1. Just to be sure I understand the filter: pairs with C-beta atoms under 6 Å, separated by 6 or more residues or on different chains, first member in the stretch 238-255 and outside any helix (DSSP H, G or I) and modelled with pLDDT of 95 or more, second member of a type in the set (Lys, Arg) and within 10 Å of the ligand (Cβ to nearest atom). Which pairs pass?
2. For the subset of the stretch 326-345 comprising residues that are in contact with a Ser or Thr (Cβ under 6 Å, 6 or more places away or on another chain) and under 14 Å from residue 244 (Cβ atoms), which member is nearest to the ligand (Cβ to nearest atom)?
3. Out of the residues in the stretch 8-34 meeting the condition of being part of a helix (DSSP H, G or I) and among the polar types (S, T, N, Q), tell me which one is surrounded by the fewest Cβ atoms within 10 Å (Cβ to Cβ).
4. Pick from the stretch 133-165 the residues that are of a type in the set (Ser, Thr, Tyr) and surrounded by fewer than 17 Cβ atoms within 10 Å (Cβ to Cβ): which of them is nearest to the ligand (Cβ to nearest atom)?
5. Which condition from (1) within 22 Å of residue 126 (Cα to Cα); (2) of a type in the set (Val, Ile, Thr); (3) within 16 Å of the ligand (Cβ to nearest atom) is the one that residue 403 breaks?
6. So which residues in the stretch 193-233 are more than 16 Å from the ligand (Cβ to nearest atom), outside any helix (DSSP H, G or I) and crowded, with 22+ Cβ neighbours inside 10 Å, if there are any at all?
7. Considering only the stretch 31-82, how many residues are within 22 Å of residue 144 (Cβ to Cβ) and out of contact with any strand residue (DSSP E or B) (no Cβ under 9 Å at 6 or more places or on another chain)?
8. Can you pull out the residues in the stretch 352-409 that are farther than 27 Å from residue 200 by Cβ and either at pLDDT below 95 or assigned to a helix (DSSP H, G or I) (or both)?
Amino acid sequence: MDVSARIEAVYAQIVRRNSGEAEFHQAAREVLQNLGPVLSAHPEYLEARIVERLCEPERQVIFRVPWVDDHGVVQVNRGFRVEFNSALGPYKGGLRFHPSVNLGIVKFLGFEQIFKNALTGLAIGGGKGGADFDPKGRSQAEIMRFCQSFMTELHRHLGEHTDIPAGDIGVGGREIGYLFGQYKRLTNRFEAGVLTGKGLGWGGSHARTEATGYGTVHFAQEMLRTRGQDLADRRVVVSGSGNVAVYAIEKVHALGGRVVACSDSGGYVVDDDGIDLELLKEIKENRRARLSAYAEVRPTATHSVRGSVFDVPCDIALPCATQNELDDQHAVALVKNGTLAVAEGANMPCTPAAVEILREAGVLFGPGKAANAGGVATSALEMRQNASRDSWPFERTASALATVMSDVHTLCRTTADRFGDPDDYALGANAAGFLRVAEAMDAHGVI
Ligand code: NDP
């Protein structure tokens, strides 16, 4: 069987075995379509059936999460942890709390995580988890009880050398605190390295909160530099207004660019004077309010529920909210508006059709598994600090993050050049991530 027939057979098997898991199929297809030249150069990985093994998670855990709400009513949610691949290190990847979470979403995220973590060059395998719990409108006490119940089951699968979760959509510093507290109570151990994204006073790392957003902007800047350009004076559009979006906005402003629009699930704001970050943080982080509140107090801003944040003319677009939020129509609008680069702060925010349109139009495209790798890279630095019982100053961690992002960018370009076109960052990311994992899997034998 030739290489492309083998890849098609693997994809058909994925669809058959994981029926209804559309996002996982999409993420797998996106990687597989780049593996042809890599496998032709490495027939030993074909023979060892590395791709077949890589596409099947090592372990998947699904569990009941019962808890009592503020009215005394018993609620039941479903929790997940997919331990996808441990060839390079313990499973590492975030937890997502959102009503849309299901096994297919967790598997797509876990699969992406394998390659992302490999690209950082750090010793971390890939995993992901979460629950179909909706934190919106829940009291602090309800969030705490939910986190405690979730960890009561999950803790038996975790450990600083086994599986180390972090945050994702709906899971920030507050939730990590409750999860860590319950793990500590159940195990009677202060095992700092079991979760990342912790508070600074109890084992967290400086710059972890900022890392994903900052890293995405570093990556965008590196892409622009290959064309002799940079972020200074550029108009930038960011989707989302959560952890990744807020710190992407902060870094764009620090580098002299101007973010003129951002969004949440209820619409988007346009502010030609540049998004006021302190106001945005006050509304989204402190008050946990809707983004529409921003336009109510900011005279230069308008809030809209029609169209999309990607319709706002910009030089750079940073999708930082969720999967498949930027589709072919949005890509056409970006191209028409002369956008130079798109870097994915979120995981798989661009649909395959959108990526195709951007690439054909010559728009620089940084895929999430490379462009948002700064978050997990800094989590690995947090683990390093926990292991040595050390705490690095902000500048040391932030500078290590900048170096990792520059290295990931270089690795993507050189690998893409080896197998095709140096501007094809998706090819570079998929091929480089795959090669690092495949080499380790092959060395470990058939397991
Ligand atoms: P947050 O929960 O902090 O923020 C998510 C933002 O996206 C919010 O503004 C939210 O709006 C919006 N959003 C979420 N779901 C939807 C939806 N279905 N439609 C429209 N808007 C939506 O999450 P993060 O910032 O941590 O994560 C954002 C993305 O970045 C995710 O794809 C995540 O996987 C990825 N990522 C995160 C990392 C991290 O370190 N946190 C690391 C690498 C990737 P609203 O407030 O209205 O819900």
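1. Close Cβ pairs satisfying both conditions: 241/284.
2. Looking at the filtered set, the residue picked out is 345.
3. 13
4. 139
5. Only one criterion in (1) within 22 Å of residue 126 (Cα to Cα); (2) of a type in the set (Val, Ile, Thr); (3) within 16 Å of the ligand (Cβ to nearest atom) is unmet by residue 403, namely (3).
6. Selection gives 231 alone.
7. 4
8. 352, 353, 354, 355, 356, 357, 358, 359, 360, 369, 370, 409 - these are the residues of the stretch 352-409 that are farther than 27 Å from residue 200 by Cβ and either at pLDDT below 95 or assigned to a helix (DSSP H, G or I) (or both).
The values are calculated or read from the model by the stated rules, or taken from the named source; none is laboratory data. Quick caveat: nothing in here was measured; it's all calculated off a predicted structure. Cβ sites come from the backbone with ideal geometry, for glycine too, and all protein chains shown count toward neighbours.
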